[in-house]
1. Nearest 500 deg cm²/dmol is fine: what mean residue ellipticity at 222 nm does the chain get from its DSSP H runs of n ≥ 4 alone, each adding -39,500 (n - 2.57), divided by its residue count?
2. In whole Å, what is the distance between the alpha-carbon centres of the stretch 1-70 and the stretch 83-135?
3. What is the extension gain from GLU76 to LEU360, computed as 0.36 nm multiplied by their sequence separation minus the C-alpha to C-alpha distance, in nm to one decimal?
4. By what distance, in whole Å, do the Cα atoms of the chain stretch along each of the three principal axes, largest value first?
5. If I build a Gaussian network model for the chain, linking alpha-carbon pairs within less than 10 angstrom, which residue out of ILE133, ILE353, ILE13 has the largest mean-square fluctuation?
6. Take the Cβ-Cβ distance between THR192 and CYS399 as r, set R0 to 22 Å, and report the resulting FRET efficiency rounded to the nearest 0.05.
7. Would you mind calculating the gained length between ARG252 and ASN385 on full extension (0.36 nm times residue separation, minus the Cα-Cα distance), in nm to one decimal?
8. If I take the Cα coordinates of the stretch 356-419 and project them onto the principal axes, what are the three extents in Å, biggest first?
Amino acid sequence: MEKVDYLIVGGGISGLSFAARLPSGADYLIVEAEEELGGYCRTVRCGGFTWDYSGHFFHFRRAEIETYLRERMDGEEILRVERKSAIHYADRLIDFPFQKNIHQLPKAEFIEALYDLYFREPNEESNFYEMLISRFGRAIAEKFLIPYNEKLYATDLRRLDRDAMGRFFPHADLDEIVRNFREPDASGYNQTFTYPRGGAIRYVEALARDLDSTRILKGEPVIAIDLERSTAQTEERTFQFKRLISSMPLDRLYEIASIPYNRELYQANEVEVFNLGFDRKGPEAIHWIYYPNPTEIFYRVGFYDNIFGDDRMSLYVEIGRRRQQTPEDWRGTLDKILNDLSRVGIVQEHELIAHHRVVLSPAYVHINQAVIRDSKEKRAALGRNGVHSIGRYGAWTYCSIEDNIIEAFELADRLSADV
Ligand SMILES: Cc1cc2nc3c(=O)[nH]c(=O)nc-3n(C[C@H](O)[C@H](O)[C@H](O)COP(=O)(O)OP(=O)(O)OC[C@H]3O[C@@H](n4cnc5c(N)ncnc54)[C@H](O)[C@@H]3O)c2cc1C
């Protein structure tokens, strides 16, 4: 049996950040299931195109986190981009966020949306659906906010907490909405974003740069954890740990650590991502478009070429589904995507010359009060056994990579101070 102080399960942003923050000389080992580090922040290069596993763009709120990463990215060009995003609605593009741009709707619909907004009756907000109607009125909610989010989350929004999207939901009150008719204000949490020319993987490489490569095992999933004995097992070996830091999905951790749990509580969607490279340029001056209408299979299409300033259209196309519902027949899905892209006018004379596909599962977890309570209790109990479940899926939450880095750094500081 191999002994280690910190066994880090998962070499994505969270696991790497934890290892990077440990004091020098700390005894750690990262065990990553895949052959490559990075988790959901991996990047693929194909046919001269650079694609992430899904559109990953960065908006750091803490300057010291961005500085920390940049100091470890010698020579990497970081693009800083003013976001231009829109919603495909009634055969036109409306600026995002929808609720602040209702004046761009056809006149009758604008009047309806404004009327419902003005005379809305603030109501109990016991779930996400009710929050949308209560704050924005029925028309804005039913035209965009409900269909779009149901398409993304692949669930009834009554099953989600009113704050399921936390700070990522673009709230706006009546004053802000009306003011925006005259003085457009596109501010939001990601009004400008950064993106490394080499893709999201560059941030992963920055976090891994100072790590000891002999302390990283790849292609070796942890398959069982014994909480009483503080051991973890892969197909190849067993480790005895003092602390285990896991960023695998929390429900998967329960399974391999034999912790009984209510599966019904741990719901999530999965996102099937198609990255598509074409032989010529497509629409310009737009970074991504949201599609609330059920006739289009995708909920969002993004344009890497307009971020990089390239002359060939390079898209990511995202489809939301219930977990484990993605069909095997991805070629059928690709045909449908190409048809829909052509119907909405993105693909015209274009020839598809490269493609890549990945399924992110889970992608957006379904947050409600019951799962918040349950996961908090279980994670606290795990912590008492020296097992710390962190990260977007380890904490069963909605967050950014910056949040993951901060959480992992804070945990590393706390645990190393305890030794
Ligand atoms: C569609 C989508 C778009 C996003 N866009 C953005 C964005 O624009 N900006 C942003 O900041 N964030 C974005 N995010 C969030 C971001 O991807 C995550 O916050 C971040 O990647 C989470 O990192 P993590 O290390 O916590 O988890 P992961 O990336 O999931 O890493 C976990 C690692 O654990 C490994 N693992 C799992 N099980 C085992 C096991 N049994 N044994 C060993 N290893 C295991 C996995 O292989 C993986 O490498 C997006 C997420 C999604 C789904």
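Computed from the coordinates by the stated procedures, all read-outs in this text should not be read as laboratory data. Keep in mind it's a predicted model, so treat the numbers as computed, not measured. Positions of Cβ are generated from backbone atoms using ideal geometry, with glycine treated the same way; all protein chains shown enter the neighbour counts.
1. -9000 deg cm²/dmol
2. The stretch 1-70 and the stretch 83-135 have Cα centres separated by 38 Å.
3. Fully extending the segment from GLU76 to LEU360 adds 99.5 nm.
4. 71, 51, 43
5. ILE353
6. 0.70
7. 46.2 nm
8. 44, 30, 16
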